[in-house]
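A.B. asks: Below you will find the structure I want to go over with you.
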Amino acid sequence: MTMTDSDLRTILRQTKVIACVGISPNPVRPSHYVARYLSLKGFRVIPVNPGHAGKILFGERVVARLSDIPAEARVDFLDIFRRSDQVLPVVEEALDALPALKTVWMQIGVENAEAAALAEARGIRVVQNRCPKIEYQRLFGELRMGGFATGVISSRLPG
C-alpha cells in the first residue's frame, strides 16, 4: 500500500510509544539520532538491542527483544533499523508481543514484502523505505528548501 502525506501525518500524530529495533548508543549512528529526535518530539521511545540490553537511552532501559516490553507500555509503532532480510522475524515477534501495535515502519533502504503483507493482514499500517524523522520534519514544517533544518543555505565560509 502506498502511503500518502496525509496517511503519514495521521500516523505521526496518533503515535505515542515507539519500539526502536536495532538502536545504537553511538550518537553518530542513524538509529541513535533518529530515536533521540523522536524522543525530543514527545514520543516515548523504547530501545531494543540485545547487545546493549540494560543500558539507558533517552530515559528508557534498552531491552533485548520486543517480547521483553511489558504489554502495559502500549507500543503502537515499531521502527525497524535492521537489514531487509532480517525484518520478517522482527515483525513476527512484534505481532505476538505488541498487542497495541498500529504501525510497522521500516527505515530508509529497508523493505520486506513478506513482513509487510503479514502485518497488513492483521490490519497494521506498514511504511517501508522511509525515515520517521525526515517525514516528521517534512510534514510538520521543520525542513526548509533543500531539506536543511538550519534555515540558511550557503556554500560561503563565515567571515
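The values are calculated or read from the model by the stated rules, or taken from the named source; none is laboratory data. Quick caveat: nothing in here was measured; it's all calculated off a predicted structure. Positions of Cβ are generated from backbone atoms using ideal geometry, with glycine treated the same way; all protein chains shown enter the neighbour counts.
A.B. asks: Would you confirm whether any residue within region 104-116 is in a loop (DSSP other than H, G, I, E, B), modelled with pLDDT of 95 or more, charged (D, E, K, R) and more than 25 Å from Gly42 (Cβ to Cβ)?
C.D. replies: Checked region 104-116: at least one residue is in a loop (DSSP other than H, G, I, E, B), modelled with pLDDT of 95 or more, charged (D, E, K, R) and more than 25 Å from Gly42 (Cβ to Cβ).
A.B. asks: Still on this structure, please answer the following. Kindly list, by first and then second residue, each pair from a residue in region 66-88 that is on the phi > 0 side of the Ramachandran plot to a residue that is outside any helix (DSSP H, G or I) and of a type in the set (Gly, Ala, Ser), limited to pairs with Cβ atoms under 6 Å and residues at least 6 apart or on different chains.
C.D. replies: Arg74/Ala100
A.B. asks: Could you list, in sequence order, the residues of region 33-55 that are surrounded by 15 or more Cβ atoms within 10 Å (Cβ to Cβ) and either free of Cβ contacts under 8 Å to residues at least 12 places away in the same chain or assigned to a loop (DSSP other than H, G, I, E, B) (or both)?
C.D. replies: Lys41, Phe43, Asn49
A.B. asks: Still on this structure, I have one more. Out of (1) assigned to a helix (DSSP H, G or I); (2) loosely packed, with under 14 Cβ neighbours inside 10 Å; (3) touching a residue at least 24 places away in the same chain (Cβ under 8 Å), what's the single condition that is false for Pro99?
C.D. replies: Among (1) assigned to a helix (DSSP H, G or I); (2) loosely packed, with under 14 Cβ neighbours inside 10 Å; (3) touching a residue at least 24 places away in the same chain (Cβ under 8 Å), Pro99 violates only (1).
A.B. asks: For Ala71, which of the numbered conditions (1) small (Gly, Ala, Ser); (2) surrounded by 21 or more Cβ atoms within 10 Å (Cβ to Cβ); (3) at pLDDT below 95 fails to hold?
C.D. replies: Among (1) small (Gly, Ala, Ser); (2) surrounded by 21 or more Cβ atoms within 10 Å (Cβ to Cβ); (3) at pLDDT below 95, Ala71 violates only (2).
A.B. asks: Here's something else I'd like to know. Is it the case that region 2-22 has a residue that's part of a loop (DSSP other than H, G, I, E, B), in contact with a helix residue (DSSP H, G or I) (Cβ under 8 Å, 6 or more places away or on another chain), at pLDDT 95 or above and of a type in the set (Gly, Ala, Ser)?
C.D. replies: Yes - at least one qualifying residue is present in region 2-22.
A.B. asks: Within the bounds of region 34-46, is there any residue that is more than 19 Å from Glu135 (Cβ to Cβ) and not small (Gly, Ala, Ser)?
C.D. replies: yes
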